[in-house]
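For reference, the structure discussed in these notes is given below.
Bear in mind these aren't lab numbers, they're just calculated from the coordinates by the rules spelled out. Just so you know, these numbers come straight off a predicted model, no measurement behind them. Heads up, the Cβs are rebuilt from the backbone with ideal geometry, glycines too, and the neighbour counts pull from every protein chain shown.
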Amino acid sequence: MKLRRIACSHGFSLIETIVVLVVGAILASVLITVVGRSVERSSTAAAQLPGVYAIQTVMENIQYAARTNNLVQMSALIGPEGTSRNNAFGHYSVVHNRFIRFTSGVEALSPGGTNTLKVTIGNTQGDRLTLILGL
């Protein structure tokens with residue numbers, strides 16, 4: 001009885017190995033592109049955090065002062081619209097500092113009004129924060 005050797009292959013051929021490497025390289029390049037964009041966006045938010053924290057601190061100082069001052073005094077302490085201020089509240093720019101009223105849910109200017117004060121402050125990075133003070 002003659003024994004024949006059956007040809008069996010152990011491992012992968014060169015073509016199969018090259019195809020797997022090419023597909024892996026394509027997937028890796030897509031993954032690096034997606035992860036790179038998200039890391040870039042997250043660093044932008046982290047860079048803005050100190051400015052946002054500073055403007056939040058200013059707004060908290062304004063809220064605290066509003067406990068002991070009336071709205072007309074608060075308007076004077078905050079400063080006129082369009083000015084940059086560096087006072088006891090902190091460093092900020094005044095975007096809005098006006099008395100308003102709401103009619104049917106719509107904001108309108110209230111010249112001479114003293115019931116509702118709208119204050120919007122900003123920083124040098126373009127961040128803004130709005131506070132509505134009322135009686």
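Structure notes:
- Residues that are surrounded by 17 or more Cβ atoms within 10 Å (Cβ to Cβ) and at positive phi do occur in segment 69-87, at least one of them.
- Verdict on Ile121 being surrounded by fewer than 16 Cβ atoms within 10 Å (Cβ to Cβ), closer than 17 Å to Leu71 by Cα and of a type in the set (A, V, I, L, M): no
- Looking only at segment 88-118, and only at residues there that are within 21 Å of Gly51 (Cα to Cα) and of a type in the set (S, T, N, Q), the one that is surrounded by the most Cβ atoms within 10 Å (Cβ to Cβ): Asn97
- Of everything listed in (1) surrounded by 14 or more Cβ atoms within 10 Å (Cβ to Cβ); (2) more than 25 Å from the chain's Cα centre (by Cα), the single unmet condition for Val58 is (2).
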